[in-house]
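Only one structure is covered here, and it is reproduced in the block below.
The values are calculated or read from the model by the stated rules, or taken from the named source; none is laboratory data. Since this is a predicted model, take the numbers as computed values, not measurements. A quick note on method: Cβ atoms are made from the backbone with ideal geometry, for glycine too, and the neighbour counts reach across all protein chains shown. With ligands, DNA and RNA removed, areas are computed over all heavy atoms of the protein, side chains included. Shrake-Rupley method; radii C 1.70, N 1.55, O 1.52, S 1.80 Å.
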Amino acid sequence: MGIERNLFIREFLRNPLRTASIIPSSRSVARCMAATLPIEGDPVVVELGPGTGAFTTEIQRRLGGRGRHLAMELNDKFAALLRDRFPAVDVVVGDAAHVRRLLGERGLDRADAIVSGLPYALFSQPLQHLLMGAVRDCLAPDGIFVAFAYVHAAWSPPARRFSRLLESLFGEVAVGKIVWANLPPAFVYTARHVKSPQHANARDRGAIDSWRDSWRDS
Ligand SMILES: C[S@@+](CC[C@H](N)C(=O)[O-])C[C@H]1O[C@@H](n2cnc3c(N)ncnc32)[C@H](O)[C@@H]1O
C-alpha cells in the first residue's frame, strides 16, 4: 500500500489536475463501486482512470476470474504499476475518450460495465461531453456505468453539470450514500439504461456530437 500511496502523491504533485486526488480512494469507496457489477456470467468490464488500482482490486475480487477486465489510464507510471499488480487485467496507457477503439481492437463491441475513476468535476464541459459520449457509444443497452464524486465538490458548477449529463444520457441514475471513510468523503453514481442518442437531451446530444467530431478531426 505504501508504494501506491507514495507514487500517487508524487504524481499528484506533478499533475494535480489530471490526478485530482492526493491519495488513492479507500477500500470502502472501491467496494461500493464494485458492488454494482454483475455477479454472474462473463462480463466485459472497462475501468477508466484506475490510478494505482484501488477499484481494480475490488473489481478483480468481484469478478473472481470471470469475464474480461480492461483498464485505461493516461499516466504511464500508474499503468506500469497496475500491470505488475494485476496480471489478469488488460491495462492500456491511453485516454478514456478512446474506449471504443480499445474494445474494437480486442474484437469486443460493447462493455457490460464501465467503472470510472475519472475526476469529472474537474473537467471542462467539452471534456465531460467527449468522455461521456464515448461511454454512451460503447456501453451495452443493459450495461451499467459507475462513477464516484467528492461530496465537498458536489455543488460546484462542473459537478452539477456532470450530474445533469448523467440524467440526460441514462434512464436511471442512482446516487449512493456518502462514504465517510474516504479522504475526502465521496459518493457513487450508478447509471443504467443508456438512452439511444435520440432520447438524450437535445442540447447534450448536440454538444456530444460536435465535440466528438472536432476531437476526431484534431
Ligand atoms: C482521482 S484519480 C482516481 C484513481 C483511482 N481510480 C482511485 O480512485 O484511487 C483519477 C485517475 O484518472 C486518470 N485520468 C485522468 N484523466 C484521464 C483520461 N482522460 N483517461 C484515462 N485516465 C485518466 C488519472 O491519471 C488518475 O489516475
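Values as computed for the structure displayed
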item	result
Given (1) of a type in the set (A, V, I, L, M, F, W, C); (2) closer than 20 Å to Phe162 by Cβ; (3) near the ligand (Cβ under 9 Å from one of its atoms), index of the condition Phe78 fails	(2)
Positions within the stretch 163-196 being outside any strand (DSSP E or B), among the hydroxyl-bearing types (Ser, Thr, Tyr) and surrounded by 13 or more Cβ atoms within 10 Å (Cβ to Cβ), in sequence order	Ser163, Ser168
Evaluation of Glu58 against (1) farther than 23 Å from Asp109 by Cα; (2) near the ligand (Cβ under 10 Å from one of its atoms); (3) without any contact (Cβ under 8 Å) to a residue 60 or more places away in the chain (one fails), failing number	(2)
Hits in the stretch 33-49 (condition: within 14 Å of the ligand (Cβ to nearest atom) and open to solvent by less than 10 Å² (accessible area, probe 1.4 Å))	Met33, Ala34, Val45, Val46, Glu47, Leu48
Options Ile3, Ile9, Ile22: the member that is over 14 Å from Ile144 (Cβ atoms), part of a loop (DSSP other than H, G, I, E, B) and open to solvent by 30 Å² or more (accessible area, probe 1.4 Å)	Ile22
Members of the stretch 15-32 that are within 15 Å of the chain's Cα centre (by Cα), touching a residue at least 40 places away in the same chain (Cβ under 8 Å) and near the ligand (Cβ under 9 Å from one of its atoms)	Arg18, Thr19, Ala20, Ser21, Ser25, Val29
Test: residue in the stretch 74-92 that is within 13 Å of the chain's Cα centre (by Cα), among the aliphatic types (A, V, I, L, M) and under 28 Å from Gly171 (Cα atoms)	no
Scope the stretch 64-83; condition surrounded by fewer than 20 Cβ atoms within 10 Å (Cβ to Cβ) and either free of Cβ contacts under 8 Å to residues at least 12 places away in the same chain or in a loop (DSSP other than H, G, I, E, B) (or both); matching residues	Gly64, Gly65, Arg66, Gly67, Leu74, Ala80, Arg83
Single unsatisfied condition, Val29 versus (1) of a type in the set (Val, Ile, Thr); (2) in contact with a strand residue (DSSP E or B) (Cβ under 7 Å, 6 or more places away or on another chain); (3) surrounded by fewer than 18 Cβ atoms within 10 Å (Cβ to Cβ)	(3)
Residue pairs meeting the criteria (Cβ under 6 Å; at least 6 apart or on separate chains; first more than 10 Å from the ligand (Cβ to nearest atom), in the stretch 1-14; second at pLDDT 90 or above and charged (D, E, K, R))	none
